[in-house]
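**Q** Here's a structure for you.
The values are calculated or read from the model by the stated rules, or taken from the named source; none is laboratory data. Keep in mind that this is a model prediction, so the values were computed, not measured. Here the Cβ positions follow ideal geometry from the backbone for every residue, glycine too, while neighbour counts run over all protein chains shown. All accessible areas refer to the heavy atoms of the entire protein, side chains included, with ligands and DNA or RNA removed. Shrake-Rupley method; radii C 1.70, N 1.55, O 1.52, S 1.80 Å.
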Amino acid sequence: MPERDRPTSAGTLASMSASETNPTVTEVLCFKDLPLGSRGTHRAVVRWSDGSEGEGLTWYADEILVCEGDLIGKTREQLRSLHFRRDRDWLQS
């Protein structure tokens, strides 16, 4: 049983740490091309610090550049912010 689900001595559940509620990217598993009509041309599939795997970021490759180093150690919110800033900068160029 995960530690957060184990009852404490008072009979209540232990609190979750910030790293469990906001997992970070620990590994980039692959970059995938997306089919026409998708909400981007590329997708990064990542492993999160909670052990799950899934989409880290989707983007249009002709608008912004994304590499593995951009993703490692970031939360979902930080990835959204990174995408927003780069997209804004591209639109303003």
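**Q** Quick test of your reading of the structure: Glu53 fulfils all but one of (1) of a type outside the set (S, T, N, Q); (2) modelled with pLDDT of 95 or more; (3) touching a helix residue (DSSP H, G or I) at 6+ places or on another chain (Cβ under 9 Å). Name the failing condition by number.
**A** Just one mismatch for Glu53, condition (3).
**Q** Also, quick follow-up: Can you tell me which residue in segment 65-77 is farthest from Val28 (Cα to Cα), limited to those that are in a helix (DSSP H, G or I) and open to solvent by 90 Å² or more (accessible area, probe 1.4 Å)?
**A** Checking each candidate, the answer is Glu77.
**Q** When only residues in segment 37-64 that are closer than 21 Å to Ser93 by Cβ and open to solvent by 70 Å² or more (accessible area, probe 1.4 Å) count, which is nearest to the chain's Cα centre (by Cα)?
**A** The residue in question is Tyr60.
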